[in-house]
1. Of all residues in region 9-50 being out of contact with any helix residue (DSSP H, G or I) (no Cβ under 7 Å at 6 or more places or on another chain), outside any loop (DSSP other than H, G, I, E, B) and free of Cβ contacts under 8 Å to residues at least 12 places away in the same chain, which is farthest from residue 73 (Cα to Cα)?
2. Restricting the search to region 29-41, which residues are over 18 Å from residue 1 (Cα atoms) and modelled with pLDDT of 95 or more?
3. Of the residues that sit in region 72-85 and are within 20 Å of residue 7 (Cα to Cα) and crowded, with 16+ Cβ neighbours inside 10 Å, which one is nearest to the chain's Cα centre (by Cα)?
4. Got at least one residue in region 57-71 being touching a helix residue (DSSP H, G or I) at 6+ places or on another chain (Cβ under 6 Å), surrounded by 12 or more Cβ atoms within 10 Å (Cβ to Cβ), in contact (Cβ under 8 Å) with a residue 40 or more places away in the chain and outside any helix (DSSP H, G or I)?
């Protein structure tokens, strides 16, 4: 299970990053991804905005709570989100 990012072009020629939790499996020898849950999205140019980051992190936490995954899987998904969208509390710690 991992966090998958999709990129969609917006009408204003920006990019929307969409986060989903997927499970990878093989069917008939071919890799397939099964959507487990939609997490949320953030506009690429707003990734540094604390409010937007907070919104996406809150969505991830709510999704993880609803899914009831093992703690090690949750932690892996949190780490994967952090690579693309820094947790807003990190900024507070650095100031």
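The values are calculated or read from the model by the stated rules, or taken from the named source; none is laboratory data. Source: prediction; values computed, not measured. Quick reminder, even Gly has a Cβ in these numbers, built from the backbone with ideal geometry, and neighbours come from all protein chains shown.
1. Among those residues, the one meeting the criterion is 9.
2. Narrowing region 29-41 to residues over 18 Å from residue 1 (Cα atoms): 29, 41.
Once the filter is applied, which keeps residues that are over 18 Å from residue 1 (Cα atoms) and modelled with pLDDT of 95 or more, region 29-41 yields only 41.
3. So the first thing to find is which residues in region 72-85 are within 20 Å of residue 7 (Cα to Cα), and the list is 77-85.
Filter again for crowded, with 16+ Cβ neighbours inside 10 Å, leaving 77, 80-81, 85.
Working: 77: 8, 80: 7, 81: 5, 85: 8 Å.
Result: 81.
4. No, region 57-71 contains no residue that is touching a helix residue (DSSP H, G or I) at 6+ places or on another chain (Cβ under 6 Å), surrounded by 12 or more Cβ atoms within 10 Å (Cβ to Cβ), in contact (Cβ under 8 Å) with a residue 40 or more places away in the chain and outside any helix (DSSP H, G or I).
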